[in-house]
Each structure stands twice: as structure tokens, then as C-alpha cells.
Amino acid sequence: MIGHLKAMQALVEALGFEVWLIDATGSKRWPRVTIAPAYGRPGVDRPLSDDRADIDEDVRVTSAGLTAESALGVAGRVREVLSPGNAWRDLDVQGRDASIRFLRHELTNTDRELADTATDRFPTYTVETFRLVSTPID
């Protein structure tokens, strides 16, 4: 999975954004993007012992900025690079046939827990979900 997240990270970083995988603790830059695995696909139960190499999972992308306009603007640019026209986008992952597609916008909210120290503003963030499908190349 990490190769898939890094492929997504590279695409978003090419837009000029700071991109973190899983956790952005310690980041002081705005705007920023965090990419993390989400839940497995609904209706697909896989036991812990399942060792299949195929992936059909959701990935959450959080875009954050110091204004609502910034967070929503970043989310739109990220969505367009990861899923142009909301269509499938191939990912460059060694040994894999992998692609990702926008699924849904989860939420937009303001984080009232911790203000940015430089501006004393509370950051706004959006969370969007993408579907990742990947199979090994034989």
C-alpha cells in the first residue's frame, strides 16, 4: 500500500503542495495535504489471514488551509490531478496495475482545537475519498 500512497503523493507534490502520508504532525506550512488509507470496500469481508495481493480499498485525502477558500481550492486541484474529470487515473507503482478514482467529498470543517501560531487562525480542512484498485502484474 505504501507504494500506492507514495505515487499519489508524487502527483500532488507536483502541484507544489506539501504532502504528508498518514500524519502531518509538526507541519507548519499551509496549505497542506495528507493522504491515508481509509476503510476497506463496503461489502467485501476479508479475514485477517487473507493473503491475496489485490487491493480494492478507499484512500482519504485531507486538504487543509487557513481559509475555507484555500482548503476547498486545494481539494479541487488535488481531485483534478488524482481523478481528472472524476475518471480513473493510472498510478505508477512498480509491479502493479493500479488506478484511483474520486468517490465522494466527506466533509469540510474548521479545526477549533489548535490555531496556527503565526496567524492565530483556525485551519479549515476537507476530507475526500478515492477508490484505489490494484493488482499485481505477472
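Assorted remarks:
- Residues (of a type in the set (Asp, Glu) and in a helix (DSSP H, G or I)) located in segment 71-116: Glu80
- Within segment 108-126, residues that are more than 10 Å from Ala64 (Cα to Cα) sit with their Cβ atoms under 9 Å from residues that are of a type in the set (S, T, N, Q), at 6+ positions apart or across chains, in these pairs: Arg121/Thr67; Phe122/Thr110.
- Screening Ala68, Ala10 for residues that are surrounded by fewer than 16 Cβ atoms within 10 Å (Cβ to Cβ), at pLDDT below 95, at negative phi and aliphatic (A, V, I, L, M) leaves exactly one candidate, Ala68.
The values are calculated or read from the model by the stated rules, or taken from the named source; none is laboratory data. Bear in mind that the values here come from a model prediction, so they are computed numbers and not experimental data. Because the Cβ atoms are built from the backbone with ideal geometry, glycine has one as well, and the counts that use them run over all protein chains shown.
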